[in-house]
Protein chains: 2
Amino acid sequence: MIRQTSQRMRGRPREFDPDEAIESAMGVFWSTGYHATSLPDLLAATNLSRGSLYAAFGDKHGLFLRALDRYIADSLTRLDAELDPRKDALEGVRACLARYVERTSGAGAKRGCLVVATAMELGSHDAEVEQRIRRFFRTMETRLTAALGRAKSEGRLADGIEPATVARLLMCVLEGMRVVSKTNSDRSASEAAVRILLDRFGK
Amino acid sequence: MIRQTSQRMRGRPREFDPDEAIESAMGVFWSTGYHATSLPDLLAATNLSRGSLYAAFGDKHGLFLRALDRYIADSLTRLDAELDPRKDALEGVRACLARYVERTSGAGAKRGCLVVATAMELGSHDAEVEQRIRRFFRTMETRLTAALGRAKSEGRLADGIEPATVARLLMCVLEGMRVVSKTNSDRSASEAAVRILLDRFGK
DNA sequence: CTATTTTATGACCATATGGTCCATAAATTG
DNA sequence: CAATTTATGGACCATATGGTCATAAAATAG
């Protein structure tokens, strides 16, 4: 079933790129949600026939998991770039907040976030999904805590501010922005809300 | 179709209480989501036959709207009680935050929030739903702004803190808690996050 | 070349879906 | 009582659903 694309294999070669298919499927699930996405939707987006899709990914759920994994990996890659230990820690956190403001403003805002949508739609009904979401949130919170810990050791955090506590607060703020922006993508309000946080917790 | 239960009507009287049916339907939509809830699910929860349900509520979507309206009304009732102008404003905000911490902790946390789930699942695909969610968020933010405005005029807010900005921040924090708590209902983390906010913005 | 292995295609399937309809029951009115 | 109005339950319907399978096509091995 799984094969190395780099090496010459026996049978008829695959005519599509599985990564591209996952990327396309991710887009549909992202804008439409899991249950509201039908097989025909996925076939149209990926340009696959039913048989090919099932042979490659097992079923709709399997494909969804792959798409979710890709979305999460992309998110963490961006987060890692921003919170790179070689860069200024507080500046990294600031960049991260700025990105969320950016993503939840204007036209693209209404698309929301695949992780948040999935957490709400399947969170407590699908163990495989739940585990992935939990792990993602935990990882993100851990990275934020680490960055804030560095900021603190550099004396850049206001007195009495605990990195872990602020990290949890930021998690709520960031994921909350994705919810609120579904019906209100006013950029300046988000910017002000984020600025007030940095003003009060940094120094 | 719509009739006054208080007044005597001509034909056979209804054998069920529509409000109870809406309440039951709300429960199912709340734990299961819109698309994942089937007609049989709703019939079982409400103890109605198909005919009765369709006669009373039009269709699944109509019933959902009624359930959503009820959920929103309940939420705003609680919010109003907490932010009652006759009570201490900052204390009211504190109570509101405490209630969200409560709701997102322990066993019941994983049920999430019907508004947040709906915003993510149907937000940008269903105009009637979107309007309701937008209005709810707008109302909630307005009430928080008003309460914070009162707190400020009583000198209970830290210097340079804008009520509208904090209200938006609180919106994100509160709705974000509902997302994060789907996979992590650790109470103490939420408590600490909320406390840090009150410590820094109140006085 | 033939045999083998793998993929692609789309017809096909069983079932679940939301929604409609109607015969019957039950209550009210005159 | 008869007539009227409404509610009920469930049979029924068209369609959409996720999923399977037989066959054809393309590549390699010998």
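Each value in this text was obtained by applying a stated rule to the coordinates, not by laboratory testing. Computed from a predicted structure; not experimentally measured. Cβ placement follows ideal geometry from the backbone for every residue including glycine, while neighbour counts extend to all protein chains displayed.
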- request: Taking 7 Å along the Cα-to-C-beta vector as the label spot, tell me the A:Leu43-A:Asp88 distance in nanometres, rounded to one decimal.
  value: 5.5 nm
query: When each copy gets a label point 7 Å from Cα toward the beta-carbon at A:Ser52, what are the spacings between them in nm, shortest first?
result: 5.1
- prompt: Against the longest principal axis of chain A, how steep is helix A:187-201, in degrees 0 to 90 to the nearest 10, with axes from Cα atoms?
  reply: 50 degrees
Lys pairs under 14 Å by Cα in the protein assembly as shown, provided they are eight or more residues apart or on distinct chains: 4
statement: Label points for B:Pro85 built 7 Å along Cα→Cβ; distances to same position in the other copies, nm, shortest first, come to 5.5
message: Just to confirm the numbers: A:Ala98, label point 7 angstrom along the Cα-Cβ line, distances to the other copies in nm, shortest first?
response: 4.0
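Find out how many positive minus negative residues lie around B:His61, taking Lys and Arg as positive, Asp and Glu as negative, among other residues whose Cβ is under 14 Å from that of B:His61. It would help to have the intermediate numbers written out before the result.
Details: positive: B:Lys60, B:Arg66, B:Arg132; negative: B:Asp59, B:Asp69, B:Glu121, B:Asp126, B:Glu128, B:Glu130.
So the environment of B:His61 carries a net charge of -3.
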field: Check: the stretch A:15-68 dipole with +1 on Lys, Arg Cβ and -1 on Asp, Glu Cβ, in debye
entry: 240 debye
task: Quick one: what are the phi-derived ³J(HN,Hα) couplings along the stretch A:25-35, Karplus 6.51/-1.76/1.60 with θ = phi - 60°, whole Hz, x for glycine and proline?
output: 4, 4, x, 5, 4, 4, 7, 10, x, 5, 5
message: Give the residue list of GluC sites (Glu not before Pro) in the stretch B:117-203 that are DSSP loop and have at most 11 other beta-carbon atoms within 10 angstrom.
response: B:Glu154
query: Which residues does a label at A:Lys203 reach in the stretch B:161-203, if reach means a backbone N under 17 Å from a point 7 Å past the Cα toward the Cβ?
result: B:196-197, B:199-201
- request: Distance from a point 7 Å along Cα→Cβ of A:Asp74 to each backbone N in the stretch A:36-66: keep the residues under 16 Å and list them by number.
  value: A:45-46, A:64-66
message: Positive end of the dipole of the stretch A:15-68, charges at C-beta (+1 Lys, Arg; -1 Asp, Glu), about the Cα centre: which of A:Tyr34, A:Pro18, A:Leu65 has its Cα farthest in that direction?
response: A:Tyr34
query: Calculated FRET efficiency, B:Glu154 and A:Ala107, Cβ-Cβ r, R0 45 Å, to nearest 0.05?
result: 0.65
- line: Relative contact order in percent for chain B (Cα pairs under 8 Å, 6+ apart) equals 23 percent
statement: Expected max-MSF residue from B:Pro163, B:Pro13, B:Pro40 in the GNM of chain B (alpha carbon, under 10 Å) is B:Pro13
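For the stretch A:1-85, which trypsin sites (Lys or Arg not before Pro) pass both filters: DSSP loop (anything but H, G, I, E, B) and at most 16 other C-beta atoms within 10 Å?
Values: sites: A:Arg3, A:Arg8, A:Arg10, A:Arg14, A:Arg50, A:Lys60, A:Arg66, A:Arg70, A:Arg78; in loops: A:Arg3, A:Arg8, A:Arg10, A:Arg14.
Here the trypsin sites (Lys or Arg not before Pro) that fit, given the DSSP loop and packing criteria, are A:Arg3, A:Arg8, A:Arg10, A:Arg14.
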- prompt: In degrees from 0 to 90, rounded to the nearest 10, what is the angle of the helix B:127-153 Cα long axis to the longest principal axis of chain B?
  reply: 30 degrees
query: Relative contact order (percent) for the stretch B:14-67, with alpha-carbon contacts under 8 angstrom and 6 or more residues of separation?
result: 45 percent
task: Could you state the angle between the C-alpha long axis of helix A:89-103 and the longest principal axis of the C-alpha atoms of chain A, as a value from 0 to 90 degrees rounded to the nearest 10?
output: 50 degrees
- prompt: Which listed residue (B:Ala107, B:Val194, B:Val180) has the Cα farthest towards the positive end of the charge dipole for the stretch B:83-201, taking +1 on Lys and Arg C-beta and -1 on Asp and Glu C-beta about the Cα centre?
  reply: B:Ala107
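Would you mind working out the magnitude of the charge dipole of the protein assembly as shown relative to its Cα centre, with +1 at each Lys and Arg C-beta and -1 at each Asp and Glu C-beta, to the nearest 20 Debye? Intermediate results must be reported in sequence, preceding the final value.
Numbers: 64 positive and 54 negative charges, 10 e Å.
The calculated dipole for the protein assembly as shown is roughly 40 debye.
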